[in-house]
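Starting off with a structure, shown below.
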Amino acid sequence: MDLLRHLRFFVAVAEERHYGHAATQLQMTQPPLSQGIRRLEEHLGVRLFDRDARSVRLTDSGRLLLPLAEDLLASAARLRQTATTMTARRVTRIGLPPELGAVAAAVTVRLHDALADVDLDTVVAPTETLLEQVRSAGIDIAITRHPAVVDGLEAGDVARVPTWLLLPAGHAHDSRESVPISTAADLSFALSPRRHHPAAHDLIVDTLRRHGHTGTTMPVEPAGIAVTVATGRAAGLSVDPPPPAAGIVGHRIEGNLLPFRFRVVTAKQSSARPRAPLRAWASEANVALVAACEER
Amino acid sequence: MDSRLREVFVDAGVRGWLHAVPVTEQVDDQDERGYDADQPVAMASLYKLPLLVAWCRAVDAGEIDPVERVTLSQLARTPGPAGISTLQDPVTMTRRDVVQMMMTLSDNAAADSILADLGLDRLSGTLAALGLHATTVRGGTADSQRLVIDDTGGTDLDTAVRLLADVDLALESRAHDAAYTSATTARDMTRLLTAIWTDAAASPESCRWIRSVMQRQIWRHRLASGFPHDDVVVAGKTGTLGSLRHEVGVVTFPDEVPVAVAVLTHAARPELALPRADAAIGTAARTAVTPLRRPTRR
């Protein structure tokens, strides 16, 4: 007999507690399902269900066997899934943090050239989310804000991207391209929410204070930072120059004291998908990231 | 795993490990809190706690005279931020005072002199005798410092420490890796604390002395920061090496069963000054200890 097929019957009836509903779930009619359960009971030499006119109940034996049946079905599903990934064209899932701005495009283009035989699938999410997904093998490679907790993961070199200091146009008239942090000493700073990357956030805040910033910080989603600056409520930091809209001026920061730092992070080779050449992809991503950052 | 502990560690930007358990001789009492409590972690200066216990057992056995005077030369003195480590001249004091310097200030010079006298084998024997099978001490503080110097390519300790603290270099050292250096688990540390608090680690007299020495520990920014109450006693031992920040100790509320707690952390940021990470040790400890609090049985 086809044991897996019959175990599916068993699990469906156990879930639905009703032959008719179970048959619907399995997209079959009731008679072959009832016969199938009987055959399975004969095969195992164990009664799985007690039936009466109104209900179907698991026997004690059935209750003990159910989790084992579920395990077998789950293993079978994993086996099929793994076989599928072996034959399918590889897709590398790359996670990018929103603060990477236009550097993201530069990295992706370089990576696309370097990994010509691989399809790239990009996901944009905050660093903490990306790290969770790398750990659960939801994505293969992530570029994350540094510093972050990368315990148990492989992490590449630190790439620094200088930031632009975004100021409300009316704040202080300064024609220099490069200004000291103190130019914004009394302004609130619009920064991505701390929970997106607590350690990287705190490093920025500590650096601001180290250089005399006395204002507060304001959590703003990365996409909203330019708007917040334009309305005159805060200063902001961005790897990209300000949009040519009215209301914002961008300056380089003297001494490049507030760079955004990024790193390429992957799962350790042993844990994640065993056949994926993660290390090679990660080192390409690392090269692409460092090159894209150096262009800034 | 406890999601509230996870939040505390994530918020502080650290990887954390924790175990907390009420101190009791009753083996049927299984109430505890853990967060990767059985995962080995590089222990930094936490090795000084089992070293103290091993030293006390040697005193109990009559092999060491605790009031004998010893002179610690300034030559070949293990550097460190506090205590004899920072002094310029030879220091003469009794052996038990040297031990107390090691525990209250985490004095590296004191610790290495005690380890040299006692020997690693003796310490390993104590770990085995106390059932601390997940704990391995591979050397003293000078050995960890040598690892850091080798791994950073620095020429001396100051340079090595500076390189290790550079956020842009993101250097790793074997001194932070449980596979290469002295290591323990959070659960082994609470097991050791329980043995000390139940007079099982050494003679009752020695255990009482260890508890009193641990109460005099001067650093209050970690475990004790989670229990800022004048009537609550926090006795502990810290461990610090670069981005590793640990403290293990026992928290005693009046008329309550003492709770042993071990919090080990590895910070994302490499800087030496990281008050949020220190305070997270207190917050995590409070989060774990509070549900374990109960009155003493009369």
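Touching a Lys or Arg at 6+ places or on another chain (Cβ under 6 Å) and exposed (fewer than 14 other Cβ atoms within 10 Å of the Cβ) - does that describe any residue in segment A:48-56?
Yes, some residue in segment A:48-56 is touching a Lys or Arg at 6+ places or on another chain (Cβ under 6 Å) and exposed (fewer than 14 other Cβ atoms within 10 Å of the Cβ).
Among the residues of segment B:115-131, are any under 17 Å from the mean Cα position of the chain (by Cα), more than 14 Å from every other protein chain (Cβ to nearest Cβ) and either assigned to a loop (DSSP other than H, G, I, E, B) or closer than 30 Å to A:Val149 by Cα (or both)?
The answer is yes; a qualifying residue exists.
Within segment B:215-231, identify whether any single residue is within 14 Å of chain A (Cβ to nearest Cβ) and in contact with a Pro (Cβ under 8 Å, 6 or more places away or on another chain), and answer yes or no.
no
Check every one of the strands (runs of 3 or more DSSP E) wholly within segment A:1-106 and list those with 1 or more residues that are farther than 30 Å from A:Arg145 by Cβ and aromatic (Phe, Trp, Tyr).
Correct list: A:49-51.
Those residues that are within 14 Å of another protein chain (Cβ to nearest Cβ) and among the acidic types (Asp, Glu), I need them from segment A:114-158; list them, please.
Scanning segment A:114-158 gives A:Glu128, A:Glu132, A:Asp151, A:Glu154, A:Asp157.
Let me confirm something: among B:Val70, B:Val91, B:Val10, B:Val59, which residue is within 14 Å of another protein chain (Cβ to nearest Cβ), farther than 16 Å from B:Val261 by Cβ and more than 18 Å from the chain's Cα centre (by Cα)?
B:Val10
Look at B:Ala175 and say whether it is over 19 Å from the mean Cα position of the chain (by Cα), crowded, with 21+ Cβ neighbours inside 10 Å and part of a helix (DSSP H, G or I).
No; evaluated as a whole, the condition is false for this residue.
Which residue pairs have Cβ atoms closer than 7 Å, lie 6 or more positions apart in sequence or on different chains, and pair a first residue in segment A:277-292 that is under 20 Å from A:Phe260 (Cα atoms) with a second residue that is basic (Lys, Arg)?
Listed pairs, sorted by first residue: A:Ala288/A:Arg110; A:Ala291/A:Arg110; A:Ala292/A:Arg110.
Moving to a separate point now. Where in segment A:179-295 are there helices (runs of 4 or more DSSP H), lying fully within it, with 2 or more residues that are within 14 Å of chain B (Cβ to nearest Cβ) and under 30 Å from A:Thr92 (Cα atoms)?
A:198-210, A:278-294
I need every pair where a residue in segment B:225-241 that is of a type in the set (Asp, Glu) has its Cβ under 6 Å from the Cβ of a residue that is surrounded by fewer than 18 Cβ atoms within 10 Å (Cβ to Cβ) and modelled with pLDDT of 95 or more, sequence separation at least 6 or different chains.
Every condition considered, the pairs that remain are B:Asp231/B:Pro254.
If only one of A:Pro168, A:Pro180, A:Pro244 is closer than 21 Å to A:Gly101 by Cβ, of a type outside the set (A, V, I, L, M, F, W, C) and in contact (Cβ under 8 Å) with a residue 12 or more places away in the chain, which one is it?
None of the other options fit; the residue is A:Pro168.
To keep it simple, each residue is scored yes or no on (1) polar (S, T, N, Q); (2) buried (at least 23 other Cβ atoms within 10 Å of the Cβ).
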residue: B:Leu51; (1), (2): no, yes
residue: B:Pro90; (1), (2): no, no
residue: B:Ala109; (1), (2): no, yes
residue: B:Ala116; (1), (2): no, no
residue: B:Arg122; (1), (2): no, no
residue: B:Thr136; (1), (2): yes, no
residue: B:Gly153; (1), (2): no, no
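Additional query: Output the number of the condition that B:Gly80 fails; it satisfies all remaining conditions of (1) under 22 Å from B:Asp143 (Cα atoms); (2) more than 17 Å from the chain's Cα centre (by Cα); (3) in a loop (DSSP other than H, G, I, E, B).
Result: B:Gly80 passes all but (2).
OK, next. From the list A:Gly232, A:Gly255, which residue is in contact with a Pro (Cβ under 7 Å, 6 or more places away or on another chain) and within 25 Å of A:Ile181 (Cα to Cα)?
Only one candidate qualifies: A:Gly232.
When you go through (1) within 14 Å of chain A (Cβ to nearest Cβ); (2) at pLDDT below 95; (3) within 28 Å of B:Ala175 (Cα to Cα) one by one for B:Gln39, which number turns out not to apply?
(2) is the only condition that B:Gln39 fails.
Could you please give the count of residues in segment A:97-146 that are closer than 24 Å to A:Arg195 by Cβ, more than 8 Å from the chain's Cα centre (by Cα), hydrophobic (A, V, I, L, M, F, W, C) and surrounded by 17 or more Cβ atoms within 10 Å (Cβ to Cβ)?
So the count comes out to 5.
The values are calculated or read from the model by the stated rules, or taken from the named source; none is laboratory data. What you see is a predicted model; the values in this text were computed from it and never measured. Backbone-built Cβ (ideal geometry, glycine too); neighbour counts: all protein chains shown.
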